[in-house]
Amino acid sequence: NRQLRLTSRPVGDIKESDFEYREEPIPSPQEGEILVRTIYLSLDPTNRIWMSDMEQYMPPVEIGEVMRGAIIGVVEESKNQNFKQGDLVSGLLGWQDYAIAEGNSGFSLMRLPAPLPCPLTTFVGPLGFTGCTAYFGLLDIGQPKVGETVVVSAAAGAVGSIVGQIAKIKGCRVVGITGSDEKCRWLVEELGFDAAINYKTVDLESAIAQACPDGIDVYFDNVGGSILDAVLTKINLHARIPLCGLISAYNATEPVPGPYNYSHLLMKRVRVQGFIILDYIPRWSEAISDLGQWLNQGKIKYALEVVEGLGNAPKAILKLFNGNKKGKLVVKVSEE
Ligand code: NDP
């Protein structure tokens with residue numbers, strides 16, 4: 001059983017040496033437990049949070065522990081009456097070939113539908129954690145209305161690309177902010193965004209003003225930092241800001257100052273609400289039903305970057321921070 005364990009808490013960028021590669025015997029499930037073989041391992045910005053000991057929404061990964069990760073896998077052996085050999089499951093397990101899961105419901109393990117209605121990889125992307133994050137963050141917290149302007153940062157990523165497409169379905173003007181011209185083209189030409197801004201090459205405040213002539217009603221924040229500050233200069237009265245992530249700060253080695261344009265929140269009576277997708281698990285089926293339908297109808301498209309081999313995970317995760325990928329980043333650990 002190949003495993004990647006956390007050996008040190010990263011300072012700044014993640015380094016491959018923050019992980020240790022080990023091989024251990026494949027574990028055997030006890031009564032009530034299940035042995036799961038990992039097929040796909042999802043790489044997520046939150047991995048960086050779990051590697052740190054900052055204040056967070058669940059316990060950090062301890063030094064020496066197998067790195068935590070969201071996976072799609074198959075049940076190889078079951079001593080739990082709710083699961084049988086061959087069931088496809090998703091869950092929060094680890095960076096390893098095989099894991100023991102407890103099999104109680106909740107986010108530790110969920111059974112995927114059988115037969116599968118779509119490719120298995122869809123369940124790490126639009127029908128997985130990231131798709132549901134986009135869905136509940138935008139619709140439940142952002143509450144977009146027809147004709148409003150929705151701006152999303154990290155727009156070409158796993159969450160952002162779905163946020164923008166849901167906002168289009170809801171009749172909004174959609175503007176994406178991302179880090180390359182190629183990604184901007186993809187957002188506009190393939191995914192149907194109204195405009196996209198490369199924050200690395202333009203004056204962001206004026207580009208936002210130009211792309212959002214009626215101001216911004218919903219800002220889906222994946223990034224924080226200077227992009228949030230620029231957005232606040234164009235925020236509308238009674239705007240909503242679903243605070244999904246702050247990736248610009250995850251590698252920070254010094255405390256990060258809050259937005260300089262904080263006063264706009266007061267003057268414009270803006271509602272900012274942080275959320276963590278795990279809180280929405282009881283409502284998962286609502287999101288899956290709508291997202292599944294939109295996928296079938298071709299209203300939602302997605303990109304997936306698949307890296308081969310568990311051993312490449314420590315290098316591949318850097319792509320989340322240098323932006324060198326489009327859509328959802330996933331490692332293929334074993335054959336489907
Ligand atoms: P992405 O697929 O969007 O990958 C991260 C992207 O962020 C990169 O591709 C890069 O794209 C952009 N980025 C990285 N560093 C910076 C920076 N310093 N400034 C601006 N952009 C940057 O990841 P996800 O879609 O999985 O996650 C997006 C956000 O949502 C993250 O902040 C994550 O933590 C959060 N999240 C929150 C959840 C919740 O429950 N609240 C659940 C899931 C995700 P680019 O080329 O555009 O720079």
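The values are calculated or read from the model by the stated rules, or taken from the named source; none is laboratory data. The structure displayed is predicted, hence computed values, not measured ones. Reconstructed Cβ throughout: ideal geometry from the backbone, glycine too, with neighbour counts over all protein chains shown.
Here is how the numbers come out for the structure above:
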read-out	value
Hey, CYS212 crowded, with 16+ Cβ neighbours inside 10 Å, within 11 Å of the ligand (Cβ to nearest atom) and not assigned by TED's automatic domain parsing to the domain that holds LEU320 or not	no
Among the residues listed as VAL223, VAL218, the single one being touching a Lys or Arg at 6+ places or on another chain (Cβ under 6 Å) and either within 16 Å of the ligand (Cβ to nearest atom) or in a loop (DSSP other than H, G, I, E, B) (or both)	VAL218
Candidate set: segment 130-158, residues that are among the β-branched types (Val, Ile, Thr) and out of contact with any strand residue (DSSP E or B) (no Cβ under 7 Å at 6 or more places or on another chain); chosen: the one surrounded by the fewest Cβ atoms within 10 Å (Cβ to Cβ)	VAL146
Of the criteria (1) in the same structural domain as ALA99 (by TED's automatic domain parsing); (2) more than 23 Å from GLY164 (Cβ to Cβ), which one ASN322 fails	(2)
Boolean, GLY73 is of a type in the set (Gly, Ala, Ser), touching a Lys or Arg at 6+ places or on another chain (Cβ under 7 Å) and modelled with pLDDT under 95	no
All positions within segment 91-123 that are out of contact with any Leu (no Cβ under 8 Å at 6 or more places or on another chain), more than 16 Å from ASN80 (Cα to Cα) and within 16 Å of the ligand (Cβ to nearest atom)	LEU92
Test for PRO255: is it at pLDDT below 95 and of a type outside the set (S, T, N, Q)	yes
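Condition check ((1) within 11 Å of the ligand (Cβ to nearest atom); (2) farther than 22 Å from LEU291 by Cβ; (3) modelled with pLDDT of 95 or more) across all residues:
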{"residue": "LEU139", "(1), (2), (3)": "no, no, yes"}
{"residue": "GLN143", "(1), (2), (3)": "no, no, yes"}
{"residue": "GLU148", "(1), (2), (3)": "no, no, yes"}
{"residue": "ILE162", "(1), (2), (3)": "yes, no, yes"}
{"residue": "GLN165", "(1), (2), (3)": "no, no, yes"}
{"residue": "ILE169", "(1), (2), (3)": "no, no, yes"}
{"residue": "ARG185", "(1), (2), (3)": "no, yes, yes"}
{"residue": "ILE197", "(1), (2), (3)": "yes, yes, yes"}
{"residue": "GLU205", "(1), (2), (3)": "no, yes, yes"}
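Rundown of residues vs (1) modelled with pLDDT of 95 or more; (2) within 16 Å of the ligand (Cβ to nearest atom); (3) within 16 Å of ALA99 (Cα to Cα); (4) part of a strand (DSSP E or B), yes/no style:
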position: GLY12; (1), (2), (3), (4): yes, yes, no, no
position: SER17; (1), (2), (3), (4): yes, no, no, no
position: GLU20; (1), (2), (3), (4): yes, no, no, yes
position: GLY32; (1), (2), (3), (4): no, no, yes, no
position: VAL36; (1), (2), (3), (4): yes, no, yes, yes
position: GLN56; (1), (2), (3), (4): yes, yes, no, no
